[in-house]
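The values are calculated or read from the model by the stated rules, or taken from the named source; none is laboratory data. For clarity, every value in this text was computed on a predicted model and none was experimentally measured. Virtual Cβ from ideal backbone geometry, glycine too; neighbours counted across all protein chains shown. Each accessible area value is taken on the protein alone, full model and side chains, heavy atoms only, with ligands, DNA and RNA left out. Shrake-Rupley method; radii C 1.70, N 1.55, O 1.52, S 1.80 Å.
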Amino acid sequence: PPPHFHHQQRPPAPHAPHQLGPPPPHAAPLQHRPPPGYQTAPPQPTQPPPAAVQASTLPKESADTAWTEHTAPDGKTKYYYNSVTKESTYEMPDALAKKQKAPSKPAIEWKEYTDASSGKKYFSNGETTTWERPKELNSGEIAEPEADEEQHQPSRKKKKTGPRKVTDFGSKVEAIAAFKGLLLAKGVTPTNKWNEVVKMCSSDTRWEACEILSLGERKQALAEYQTKRANALKNQEREERMRAKSAFQDLLAEVLPSVEFFDVVSTRFVDIRSYLTKDDRFYAVEEESTRDELFLEFCEEVRKRDERKKRNQRREAKEAFYTFLKEHEEDGSLTFASTWKSFLSSLSDAELKEPRFAASPSMSDPDRELYFSDYVIDLQAAEDEKRRRIKDARRRAEKAQREAYRSLLDRLASDGTINPSTRFRNVENVLSQDPSYGPLREQSPESPRDIFDDYIEEWNDIYRRDRKFLSRLVQSSGKKTLQVNLNSTYDDFKKGLLDEAADSPENYQDTRHILNPEEFVSSALVYFNELLTRAKESAETLKRRRSSTTGVESSEDEGEIIEDGEIEG
């Protein structure tokens, strides 16, 4: 059977059906058979094969000679496989052990053959066929194929007999590098064909030393060499052209400035050609059209350089002029309200003649006036920004003062000092004692009153709406907790409201919202205080009336007065 090949080590399968010699090895990669039950735990042999292929049904001699040794994927563990019985094991079979202990047979002579379809070499000793050169041939001789085999290959030259030369290459990579070195030494160009390369190199001993490479590998190395060589030659030519152009441009830079009539705009190449022909650098550029193009490029570069120089001079003059204006801004003679005429009149004769301010080729009179206008516009913009920021800061401060005053109103509402019906004149003295009152009055004398009236009006609108709802709950209820008297508390009143509204989800939700408002004091608290005040007033009135008619107050009457003092909304 052909040897087992790995993908990366074997060439494509040759086709040689009519050869008389041994067939070439099959190049299709045959994987090693997996070891029996291979795993990290101690391996176990596989079960015996099915009855259809049991060794007992096969000739014993055939089964004994079918054992082969293999290596597991870990590269260390050996196992054994019988291709007849399909059995695998980690222990060496007796038949194979006896075979290895038997005296070795005389060495079988290896022969070299050439595949007719691909021209590749392979080797056979009558029992084994391989693409790889056998180790036995490294120091031995290759037997010449028999004559009847060569008769079927008339186009192939007979192999020379005699010892094969041994190369010093450690690998095919080294052999390929040596082969490319041979091509370079022989001057192989990127356009040479394979036949031409063979004629140029076959007489060199290094050519025979590279026979470790197959024909395909050598052709592939040639293609790689020619590609790389072509790129190197292109780069070399490009560099040579660049050096020639650079030398020609240096020549232009040396000669043209000394030519009196030379002008980058009007001068043509034919006008100055005679000034350049005396230098060898002129002939480094072969084509006249290229010289003309380089001359035009030189003129364009000189023109751009002159323009850059002028721009730099104008920029420096402008910066110096701005420095002059900045100094006068700092001493107060230049402001955002200054004009060009007024500024000129403020300068002394020495200042008018100062190089930073006086007109020059790099800064004309219109330029100076334009620069001055731009500078004043920047001053005006800075002044506007400063005013805007001051105004914004003032607006923020006034807003903070109004918010502080409103916070004062919230505190007074919480402690009952003001309510939705309170008038400004009634609490003006209280308000004026707070620190937030003075700054707000500085904004406008009417600001404290206006903000107070707006606050009360907004609060009153909310209270009127909520009071109508609460009054309806109180009047429809028969619970004592909603009948406010002198002994009632706000907590009892709140609980009574929630109990009364519990029958209706909508009423319950509205009641909770009134009891816990996001702003202002709860309307329920204001309403409770209103009912409590009315109860007190009613009790006082009743007390005075009875006191005036009887002049005597009994404890029983007092109890009656309290009961009569109950108020319903």
Give me a count of the residues in the stretch 420-454 that are open to solvent by less than 80 Å² (accessible area, probe 1.4 Å), in contact with a Phe, Trp or Tyr (Cβ under 9 Å, 6 or more places away or on another chain) and assigned to a helix (DSSP H, G or I).
12
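Results for (1) closer than 30 Å to PHE372 by Cβ; (2) of a type outside the set (Lys, Arg); (3) open to solvent by less than 80 Å² (accessible area, probe 1.4 Å), shown as yes or no for each residue.
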{"residue": "PHE262", "(1), (2), (3)": "no, yes, yes"}
{"residue": "ASP271", "(1), (2), (3)": "no, yes, yes"}
{"residue": "THR277", "(1), (2), (3)": "no, yes, yes"}
{"residue": "ALA284", "(1), (2), (3)": "no, yes, yes"}
{"residue": "GLU297", "(1), (2), (3)": "no, yes, no"}
{"residue": "THR323", "(1), (2), (3)": "yes, yes, yes"}
Failed criterion for ASP279 (all others in (1) more than 30 Å from LEU182 (Cα to Cα); (2) in contact (Cβ under 8 Å) with a residue 60 or more places away in the chain hold)
(2)
Of all residues in the stretch 249-261, which are touching a residue at least 12 places away in the same chain (Cβ under 8 Å), touching an Asp or Glu at 6+ places or on another chain (Cβ under 8 Å) and farther than 15 Å from THR290 by Cβ?
VAL255
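Quick grid of which residues meet (1) more than 16 Å from HIS328 (Cβ to Cβ); (2) of a type in the set (D, E, K, R):
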| site | (1), (2) |
| --- | --- |
| LEU352 | no, no |
| PRO361 | yes, no |
| SER364 | yes, no |
| TYR371 | no, no |
| ALA381 | yes, no |
| ARG388 | yes, yes |
Conditions (1) in contact with a helix residue (DSSP H, G or I) (Cβ under 7 Å, 6 or more places away or on another chain); (2) assigned to a loop (DSSP other than H, G, I, E, B) -> GLN249 fails only (2)
Note on GLU301: of the conditions (1) of a type in the set (Asp, Glu); (2) at pLDDT below 90; (3) assigned to a helix (DSSP H, G or I), unmet is (2)
Only unsatisfied item for LEU370, checking (1) touching a Lys or Arg at 6+ places or on another chain (Cβ under 7 Å); (2) hydrophobic (A, V, I, L, M, F, W, C); (3) more than 30 Å from LEU252 (Cα to Cα), is (1)
Exactly one condition in (1) modelled with pLDDT under 75; (2) of a type in the set (A, V, I, L, M); (3) surrounded by 14 or more Cβ atoms within 10 Å (Cβ to Cβ) is false for ALA66; which is it?
(1)
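Being open to solvent by less than 70 Å² (accessible area, probe 1.4 Å) and closer than 25 Å to PRO420 by Cα: is that true of ASN507 here?
Working: open to solvent by less than 70 Å² (accessible area, probe 1.4 Å): yes; closer than 25 Å to PRO420 by Cα: yes.
Here the answer is yes, as ASN507 does meet what is asked.
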VAL264 is checked against (1) in contact (Cβ under 8 Å) with a residue 40 or more places away in the chain; (2) not in a loop (DSSP other than H, G, I, E, B) and fails just one. What number does that condition carry?
(2)
For VAL526, indicate whether it is touching a residue at least 40 places away in the same chain (Cβ under 8 Å), in contact with a Pro (Cβ under 9 Å, 6 or more places away or on another chain) and surrounded by 12 or more Cβ atoms within 10 Å (Cβ to Cβ).
yes
If you scan the stretch 178-235, which residues turn out to be open to solvent by less than 40 Å² (accessible area, probe 1.4 Å), among the aromatic types (Phe, Trp, Tyr) and farther than 24 Å from GLU132 by Cβ?
TYR225
Would you confirm whether any residue within the stretch 472-491 is closer than 23 Å to ALA413 by Cβ, in contact (Cβ under 8 Å) with a residue 12 or more places away in the chain and out of contact with any helix residue (DSSP H, G or I) (no Cβ under 7 Å at 6 or more places or on another chain)?
no
Number of positions in the stretch 236-246 that are loosely packed, with under 11 Cβ neighbours inside 10 Å and either touching a helix residue (DSSP H, G or I) at 6+ places or on another chain (Cβ under 9 Å) or not basic (Lys, Arg) (or both)
4
